[in-house]
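The structure appears below as structure tokens.
The values are calculated or read from the model by the stated rules, or taken from the named source; none is laboratory data. Fair warning: this is a prediction, and the values are worked out from it, not measured in the lab. Positions of Cβ are generated from backbone atoms using ideal geometry, with glycine treated the same way; all protein chains shown enter the neighbour counts.
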Amino acid sequence: MRVWTIRKLLDWLTAQLKKNEITSPKQNAETIISHVLQMKRLDIYLQPEKEISEAQLKIILEITTRRKKHEPLQYILGETEFYGYKFKVSNSVLIPRPETELLVEKIIHEEKNIDNILDIGTGSGAIIIALAKNLDTENIDAVDISESALKIAQQNADLNNVEINFFRSDIYENITNKYDLIISNPPYISQDEYELLPKEIKDHEPRSALHAENNGLYFYKKILQNAKEHLTEFGKIYFEIGYDQAEKITGIAKENGFSKIQVFKDLNGFDRIMRIINR
Ligand SMILES: C[S@@+](CC[C@H](N)C(=O)[O-])C[C@H]1O[C@@H](n2cnc3c(N)ncnc32)[C@H](O)[C@@H]1O
């Protein structure tokens with residue numbers, strides 16, 4: 001029987017994934033091998049002649065077969081990394097995106113002495129868990145409409161040793177408190193944009209985490225319409241937004257009595273974060 005070393009397998013997997021038009025095939029192959037061999041990615045290059053056992057090879061081939069069909073690697077492996085922390089993911093939650101780390105970064109950098117926070121549409125819990133690890137906040141609530149997402153979020157809070165009150169709520173439906181910070185990365189993709197998404201996203205990630213009515217603006221409008229009831233006097237809202245939505249959301253915020261509105265760009269120069277201040 002042929003002996004597979006890390007080096008040989010890496011080359012072979014990369015070619016297989018490339019043939020199936022997987023983007024970044026080499027990076028995918030590295031992740032698969034390092035995950036199954038429980039090694040750091042760098043270590044696979046330090047031990048290129050290490051042999052792969054038959055059992056490991058079997059698992060690697062199973063993962064590769066799924067990946068070749070464009071299933072996201074994070075769902076196949078059941079985990080991902082966000083803001084340097086490990087998160088469990090399944091296809092009932094959106095895979096946390098690197099651009100969302102910017103929202104976390106901004107809040108950690110700008111906000112001190114926060115007594116309570118609400119995260120609307122928490123999904124895997126990525127944003128709120130990364131914040132809980134870095135802010136000294138007494139009360140943290142996080143809601144989602146999806147019970148299965150909330151289960152994953154709770155597991156992720158346990159995994160990362162933070163205390164967060166997760167509960168089901170359709171936006172503010174079950175919210176009675178007022179908060180210093182309301183944070184949301186809501187679904188914001190319009191119907192037209194949704195149709196154009198790659199199959200990798202459309203066929204695997206939950207539509208309810210991505211698409212929003214009203215040209216992608218539904219959630220911003222709903223959150224802003226009732227925000228004054230749920231913000232403390234100097235409370236703030238932080239949104240992740242689509243690259244072309246800042247102007248429209250600014251209009252909605254003004255219609256609802258807000259005048260202090262700021263927009264921040266991501267590393268690619270696109271509008272990505274909005275901060276809306278109560279007073
Ligand atoms: C874009 S995902 C964001 C997930 C996570 N916060 C993140 O940044 O990775 C939006 C989330 O909003 C949730 N959601 C959709 N409709 C909702 C509603 N009416 N009320 C509360 N959450 C909702 C979805 O289930 C999904 O988890």
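Those helices (runs of 4 or more DSSP H) of the range 1-87 in which at least 2 residues are closer than 30 Å to LYS202 by Cα and either without any contact (Cβ under 8 Å) to a residue 24 or more places away in the chain or among the small types (Gly, Ala, Ser) (or both), considering only elements entirely within it, cover 6-19, 25-36, 54-68, 73-77. For the range 103-126, a residue qualifies if it is part of a helix (DSSP H, G or I) and within 13 Å of the ligand (Cβ to nearest atom), and the qualifying residues are LEU103, VAL104, ILE107, ALA126. Among the residues examined, PHE264 qualifies as touching a strand residue (DSSP E or B) at 6+ places or on another chain (Cβ under 6 Å), touching a residue at least 60 places away in the same chain (Cβ under 8 Å) and among the aromatic types (Phe, Trp, Tyr). Is it the case, given these coordinates, that LEU42 is farther than 28 Å from HIS211 by Cβ, out of contact with any Gly (no Cβ under 6 Å at 6 or more places or on another chain) and outside the structural domain of SER148 (by TED's automatic domain parsing)? Criteria met by LEU42. For the range 149-167, state whether one or more residues are touching a Leu at 6+ places or on another chain (Cβ under 7 Å), outside any strand (DSSP E or B) and modelled with pLDDT of 95 or more. Among the residues of the range 149-167, not one is touching a Leu at 6+ places or on another chain (Cβ under 7 Å), outside any strand (DSSP E or B) and modelled with pLDDT of 95 or more, which makes the answer no. So is LYS106 surrounded by 13 or more Cβ atoms within 10 Å (Cβ to Cβ) and either on the phi > 0 side of the Ramachandran plot or touching a residue at least 12 places away in the same chain (Cβ under 8 Å) (or both) or not? So LYS106 fits the description; yes.
Among all positions in the range 236-246, there is at least one residue which is part of a strand (DSSP E or B), among the aromatic types (Phe, Trp, Tyr), assigned by TED's automatic domain parsing to the domain that holds ILE127 and under 20 Å from the mean Cα position of the chain (by Cα). THR232 meets each of the listed conditions (1) in contact (Cβ under 8 Å) with a residue 40 or more places away in the chain; (2) surrounded by fewer than 21 Cβ atoms within 10 Å (Cβ to Cβ); (3) touching a Leu at 6+ places or on another chain (Cβ under 8 Å) apart from (3). Yes or no: ILE127 surrounded by 23 or more Cβ atoms within 10 Å (Cβ to Cβ) and modelled with pLDDT of 95 or more? Yes: the conditions hold for ILE127. Of all residues in the range 22-80, those satisfying the criterion of being in contact with a Phe, Trp or Tyr (Cβ under 8 Å, 6 or more places away or on another chain) and within 22 Å of ARG97 (Cα to Cα) are GLU79, THR80.
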